[in-house]
Amino acid sequence: MRLALAVQTPDVSLALPVALLSGTWPEKLDRAAALGVDGLELMTADPHGLQPRRMRQDLESRGLNAVAIGSGAAAMQAGLTLLHADAAVAARAATRLDELTAFAAEVGAPLVTIGSFRGRLAGAGAGARERLADALRLAAERAAALGVRLAIEPLNRYEADLINTAEEGLAFVDSVGHASLGLLLDTYHVNIEESSWEAPIRLLMRAGRLWHVHLGDNNRLAPGDGMIDFGALVRTLRAAGYDGALSAELLARPDPDTAARRTVEHMRPLLEDA
Ligand code: LER
Ligand code: MN
């Protein structure tokens, strides 16, 4: 399993609460390399002004790669969600998802994550679930043509009214029925919504749909700063055959560099233990 940190890209002007590492783009990369992580999850709102090939070289020259593109910043900064009550905004969100997918292909990221970017059923009108399924089927088709996959994220009940658990996520993904749409699990959300660690991980692994993992402790601080047993989590993931990224997406407290360092200090020994 590869250890990664979620960082915001230079197009994001507001400080995302769950973005790690301080400084400019090159400074973030230098800090990530110094911490010895394997990669970064790039939280991008609008890739238009970015230079993905150059960014890929910047990553690779430091022994890093992009493990995923996160879409949450497009919701937070640009107000775009796939279920937006205004159909024109929802259409712009679908276009943005294609743009994030194209960005992923160029920067070398295997998948785009879809958490809060999907929006809410409440206020989205009749047939919203089916509209979301249709939008994601089309987006997955276009992603597949670029060799990129989409992963939808169960979120806790306070943040989402559609897909809170792995079981609900898998039912949704099955209803879409596209090989390039799967799921990710975020330990912070799993801890709120699930009754065990094993069941959701095994369910998604058996279905071949667990493609990515977000790390955050129960209080959304760095692993080890809360109550989740990350050693047990790593053992459960390993036993289920998970071999993807563990990407820290957690509150930048007390500051984005300390949270990153504490994540690495806690997770590295657990990942090295056979
Ligand atoms: C939001 O809580 C989250 O976990 C993100 O990955 C989704 O936007
Ligand atoms: Mn997450």
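Of note:
- Residue in the stretch 85-100 that is within 16 Å of ligand 1 (Cβ to nearest atom) and among the polar types (S, T, N, Q) present: no
- For L100, the criteria (1) within 16 Å of ligand 2 (Cβ to nearest atom); (2) not hydroxyl-bearing (S, T, Y); (3) not in a helix (DSSP H, G or I) hold in every case but one, which is (3).
- Residues of the stretch 166-189 classified as within 15 Å of ligand 2 (Cβ to nearest atom) and either more than 25 Å from V148 (Cα to Cα) or surrounded by fewer than 20 Cβ atoms within 10 Å (Cβ to Cβ) (or both), total: 1
- Flag if A6 is within 16 Å of ligand 2 (Cβ to nearest atom), small (G, A, S) and either in contact (Cβ under 8 Å) with a residue 12 or more places away in the chain or buried (at least 20 other Cβ atoms within 10 Å of the Cβ) (or both): yes
- Within the stretch 30-54, the set of residues being over 16 Å from A248 (Cβ atoms) and over 17 Å from the mean Cα position of the chain (by Cα) comprises D30, H48, G49, L50, Q51, P52, R53, R54.
- Tabulated pairs, the stretch 228-242, first more than 14 Å from M205 (Cα to Cα), second part of a loop (DSSP other than H, G, I, E, B) and open to solvent by less than 30 Å² (accessible area, probe 1.4 Å), C-beta under 7 angstrom, 6+ apart or interchain: I228/D217; F230/P223
- Of all residues making up the stretch 190-225, the number that are crowded, with 23+ Cβ neighbours inside 10 Å, small (G, A, S) and either over 18 Å from the mean Cα position of the chain (by Cα) or within 14 Å of ligand 2 (Cβ to nearest atom) (or both): 1
The values are calculated or read from the model by the stated rules, or taken from the named source; none is laboratory data. All values derive from a computational prediction rather than experimental measurement. Because the Cβ atoms are built from the backbone with ideal geometry, glycine has one as well, and the counts that use them run over all protein chains shown. Protein only, heavy atoms only, side chains kept; ligands, DNA and RNA dropped before computing areas. Shrake-Rupley method; radii C 1.70, N 1.55, O 1.52, S 1.80 Å.
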